[in-house]
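Below is one structure, written out as structure tokens; comments come after it.
What follows is calculated from the coordinates using simple rules that are stated; it is not laboratory data. What you are looking at is a predicted structure, and each value in this text was computed from that prediction instead of being measured. Cβ placement follows ideal geometry from the backbone for every residue including glycine, while neighbour counts extend to all protein chains displayed.
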Amino acid sequence: MTTPDPSVPRRRRIAFVLPVYHEEEGIAAFHEALTTTMAARPDLDTEYLYVDDGSRDDSLAHLLKLREDDDRVTVLSLSRNFGHQIAVTAGLDAAGTADAVIIMDTDLQDPPPVCLQLIEAWEAGADVVFAQRRSRQDTRFKKVTAHAYYWVLDRLADTEIPRDVGDFRLMDARVVAEVGRYREKDRFLRGIVAHVGFRQEAVLFDRDPRYAGESGYPLRKMLSFATSGIIGFSTAPLRWISKLGFAISFVSVLLAAYVFGVRVFNPEESVPGWAFLGVGMFLLSGLQLIMMGVIGTYLGRVYAEAQDRPLYSLQLAARGPRQDPR
Ligand code: UDP
Ligand code: MG
């Protein structure tokens with residue numbers, strides 16, 4: 001084995017993780033556009049890791065065809081449709097020794113030229129470079145719901161998850177390794193990446209309309225994905241239970257004061273028994289909610305344990321005798 005000559009810098013390798021679901025019409029155009037863009041950086045090695053997410057159309061055949069003509073193409077095919085987040089995870093797991101990974105959609109909504117900007121920011125020292133949408137060409141409904149969703153997520157999530165950011169991003173190898181340690185089943189990757197930390201930067205871009213075919217994210221999938229984001233990064237809904245409990249108990253105190261007032265100052269108006277019923281009802285439901293909140297607090301902890309996330313990620317470890325740079 002020859003030892004590498006340190007004076008010749010090692011070529012850096014970028015792996016593209018590309019989830020594919022029913023993209024037979026556009027996939028060839030996508031690959032063409034991406035490789036044409038990357039031809040601007042002949043100093044970098046590239047691997048195009050396509051993950052077919054159980055498409056029932058001819059996407060897989062198209063991918064294998066791409067591989068015949070271009071040996072930088074890798075094709076993984078999942079045994080059924082597992083969903084975009086899992087498909088991307090499978091790609092990340094397979095990225096191996098790449099120096100950086102870029103995740104992007106294969107419907108040309110994420111414009112390939114933006115990759116060059118992501119790579120530049122990475123070369124300037126960022127560990128995660130996410131592509132943030134300056135504008136998007138989606139339906140009005142999608143725009144409004146997305147906006148509302150990010151507003152809610154911003155307020156609820158314990159981790160700061162950048163808004164208007166999809167999964168289009170570059171991650172340095174060490175971030176990929178850390179993300180790979182998060183094995184939770186219900187995955188919200190953009191949240192996980194935010195949780196991991198490191199130096200994260202944004203690059204603004206304008207999102208294009210879909211090239212061909214239709215969105216693999218119907219409303220039902222969108223809703224379940226949105227829920228994953230909130231539930232995965234916040235236990236606030238559990239805490240609301242006890243807050244509500246305290247509020248209702250407080251109402252019972254006010255009511256008791258009112259009842260007392262009527263009894264003392266207006267005895268002829270008071271109906272026998274109503275005080276007991278009215279106050280008791282509020283007091284009891286308040287107490288019940290407080291107790292459910294207590295259970296919720298423990299449940300939140302059990303949930304966090306069950307997620308089994310890494311406790312921390314190291315950015316640097318400097319120990320042992322120092323080696324002076326020659
Ligand atoms: N996708 C996937 N599995 C799915 C749905 C979508 O791998 O179950 C891929 C799809 O091929 C595309 C990306 O994920 O590359 C984004 O999906 P899509 O464009 O349908 O979502 P939208 O842009 O409408 O949110
Ligand atoms: Mg799309």
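Between amide H atoms placed 1.01 Å from N, distances below 5 Å from D57 occur with H22, all of them 5 or more places distant or on a separate chain. In the elastic network of the chain, a GNM with C-alpha springs shorter than 10 Å, the most mobile of E269, E214, E184 is E269. Each helix, a run of at least 4 DSSP H residues, gives -39500 (n - 2.57); summed and divided by the residues of the chain, these come to -16000 deg cm²/dmol at 222 nm. A simple spin-label model places the labels of A124 and Y258 6.1 nm from each other, with each point 7 Å out along Cα-to-Cβ.
Around N81, under 14 Å between beta carbons, what's the net of Lys plus Arg minus Asp minus Glu among the other residues? Net charge around N81: 0.
Answer rounded, prolate or oblate for the range 81-208, using the Cα gyration tensor with square roots of eigenvalues a ≥ b ≥ c: rounded when a/c is under 1.5, else prolate when a/b is larger than b/c, else oblate.
Details: a/c = 1.43, a/b = 1.21, b/c = 1.18.
Because its axes are fairly even, with a/c under 1.5, the range 81-208 counts as rounded.
One Cα centroid belongs to the range 150-211, the other to the range 56-83; the line between them spans 25 Å. The Cα atoms of the chain define a convex hull whose projected area, averaged across directions, is 26.0 nm². Scalar couplings 3J(HN,Hα) for the range 174-185, obtained by applying the Karplus form with A = 6.51, B = -1.76, C = 1.60 to θ = phi - 60°, are 6, 5, 4, 5, 5, 4, x, 7, 8, 10, 4, 6 Hz; x denotes Gly and Pro.
Assigning unit charges at the beta carbon (Lys, Arg +1; Asp, Glu -1) and nothing else, what dipole magnitude in debye, to the nearest 20, does the chain show about its Cα centre? Each step should come with its number before you reach the end.
Numbers: 38 positive and 43 negative charges, 250 e Å.
With Lys and Arg at +1 and Asp and Glu at -1, about 1200 debye.
Per 0.36 nm of contour for each residue apart, how much would the distance between Y298 and F198 grow if the chain were fully extended, relative to their Cα-Cα spacing? If you can, show how the numbers build up before the last one.
On the way: separation 100, 0.36 × 100 = 36.00 nm, distance 3.04 nm.
Length gained between Y298 and F198: 33.0 nm.
Take every pair of alpha-carbon atoms less than 8 Å apart whose residues are at least six positions apart; their mean separation over the length of the chain yields a relative contact order of 17 percent.
Approximating the spin labels as points 7 Å out from Cα along Cα→Cβ, the E184-to-I231 distance works out to 1.1 nm.
Taking 35 Å as R0, compute the FRET efficiency from the Cβ-Cβ separation of R56 and Q137 and round it to 0.05. Approximately 0.85, to the nearest 0.05. Applying a DSSP loop filter and a limit of 13 other Cβ atoms within 10 Å to the chymotrypsin sites (Phe, Trp or Tyr not before Pro) in the range 239-313 leaves Y312.
Return the FRET efficiency for the residue pair A247, A148: r is the Cβ-Cβ distance, R0 is 22 Å, and the value is rounded to the nearest 0.05.
Details: r = 25 Å, r/R0 = 1.14.
Once the sixth-power term is evaluated, E becomes 0.30.
Here is what passes the span test in the chain: the DSSP H helices with alpha carbon length of 27 Å or more along the helix axis and a Kyte-Doolittle mean of -0.5 or above are 236-265, 274-307. The alpha-carbon of K185 sits under 13 angstrom from the alpha-carbons of these aspartates and glutamates, leaving out residues fewer than 8 places away in its chain: D308.
Classify the range 4-77: rounded, prolate or oblate, from the alpha-carbon gyration tensor (a ≥ b ≥ c, eigenvalue square roots; a/c under 1.5 rounded; otherwise prolate if a/b is larger than b/c)?
Details: a/c = 3.03, a/b = 2.24, b/c = 1.35.
Since a/c reaches 1.5 and a/b is larger than b/c, the shape of the range 4-77 is classed as prolate.
Within the listed set A256, A87, A100, the residue fluctuating most in the Gaussian network model of the chain (springs between alpha-carbon atoms under 10 angstrom) is A256. Calculated FRET efficiency, E214 and W274, Cβ-Cβ r, R0 51 Å, to nearest 0.05? That pair, E214 with W274, gives E of 0.25.
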